[in-house]
1. Quick one: which residues, 5 or more positions from Phe60 or on another chain, have an amide H under 5 Å from its amide H? H modelled 1.01 Å from N in the peptide plane, none for Pro or chain starts.
2. Hey, rough spin-label estimate for Ile296 and Asp154, points 7 angstrom out along Cα→Cβ, what's it come to in nanometres?
3. With charges only on Cβ, +1 for K and R and -1 for D and E, what is the dipole size of region 230-317 about its Cα centre, in debye, rounded to 20?
4. Given an 8 Å cut-off on Cα distances and at least 6 residues of separation, report the relative contact order of region 42-136 as a percent.
5. Which FRET efficiency value, to the nearest 0.05, is calculated for Tyr126 and Asn99 with the Förster distance at 25 angstrom and r the Cβ-Cβ distance?
6. What are the residues whose amide H is under 5 Å from the amide H of Lys220, where those residues sit 5 or more places off or on another chain and H is modelled from the backbone?
7. Scan around Ala256 for amide H atoms under 5 Å from its own, H built in the peptide plane at 1.01 Å from N, and keep only partners 5 or more places away or cross-chain.
8. Once the piece of chain linking Ala193 and Met318 is laid out straight, how much longer is it, given 0.36 nm per residue of separation minus the C-alpha distance between them?
Amino acid sequence: MKSGEEILSKIKFPINAGNLKVVILSIIAATTFWFFTALNKEYSATIKYPVVFDFDRSNFIVTNDLPDKVQINVSGVGWTIFRRGFLRNTEPIYLKIENPERNNKVTGSNLFSSISEWLPDLQLNYVLDDTLYLSVEKKITKKVRLLIDSAGIDLDEDYYIVSPVVSGLDSAELSGPRSFIESYPDTAWVRIADRRMDSNFDKEIEIDVGNELVSLNPEKVRVSFDVEEFVEVSKSMRLTKANFPDDSLVVLKDTAILISFWIRESRAQNIDDDEFIIMADFDRMVTYDSTIQPLILKYPKDIKRLSIRSPRVKVGKMSNADE
């Protein structure tokens with residue numbers, strides 16, 4: 001093979017920047033002329049042609065991406081093949097499907113006549129794709145009950161909900177793919193994403209059913225409830241006796257007992273003794289140690305974490321000092 005220097009030595013005119021530019025432009029012009037001349041000849045080629053499936057999208061919903069190209073072999077003028085198969089602004093073939101949920105498999109043989117009609121300037125030789133699969137389902141609607149997931153509400157430490165959890169709606173309509181809607185339960189849970197809450201709550205919450213293909217009417221529901229901090233309270237309470245024999249010298253050594261509980265701060269100073277009944281039942285006495293486990297029979301419903309500091313109380317005989 002001849003070196004570059006040998007080739008350049010045979011060129012009769014001197015090479016400079018101006019001449020080199022002329023040479024390059026000449027090569028480009030020759031290549032362009034050859035390209036357009038070649039495109040005017042007859043060819044056969046395999047191309048991927050854009051397709052759009054035409055169906056009633058108000059009553060059917062696409063669950064997975066549909067095929068957007070079909071591979072075909074065509075014959076015709078090179079320029080036409082190039083324009084049809086390689087330019088981005090090529091007009092797609094629209095394939096009409098009457099019921100895409102039922103007719104979800106489109107074979108290459110069925111595509112042949114439809115594609116031929118869309119390519120009058122090319123001869124369609126054959127369709128290379130055996131079958132095109134359509135992931136399309138009937139769109140249906142279902143009414144579901146809305147429930148607030150109050151157990152999942154995340155509150156800050158020592159804060160509690162002190163009012164009913166109120167929802168602005170009791171139901172919603174779901175519209176989406178048949179398979180999902182038919183299998184969805186009759187109840188949709190509304191979950192609150194806020195964390196470490198320490199104040200009253202009143203917001204619109206988006207209803208999420210876990211499927212982006214499903215539309216909801218309405219899409220949001222207003223939820224409200226009150227939150228308050230609770231504080232610990234310790235209180236000495238008088239015991240109520242039950243079933244102690246009237247004519248016996250047996251007495252309750254401990255007439256009061258210490259309890260503790262948590263209550264909202266605004267009510268901590270206003271709780272009364274008569275809101276509690278704590279009983280020592282003689283019939284429940286353990287004979288070997290003469291103790292009774294007190295029973296809490298009554299307490300305010302708005303307190304939390306109620307406990308008795310002394311789990312058992314002592315029973316003994318009345319002394320002379322007690323008489």
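FYI, it's all coordinate maths here, none of it is from the lab. Remember, predicted model here, so these are calculated numbers, not experimental data. Every residue, glycine as well, gets a Cβ built from its backbone with ideal geometry; the counts of neighbours run over all protein chains shown.
1. Lys139
2. 2.9 nm
3. I would put it at about 300 debye.
4. 39 percent
5. For Tyr126 and Asn99, the calculated efficiency is 0.40.
6. So Lys220 has HN proximity to Ile207.
7. For Ala256, whose amide H was placed from the backbone, the distant partners under 5 Å are Leu239.
8. The span from Ala193 to Met318 would gain 38.9 nm if fully extended.
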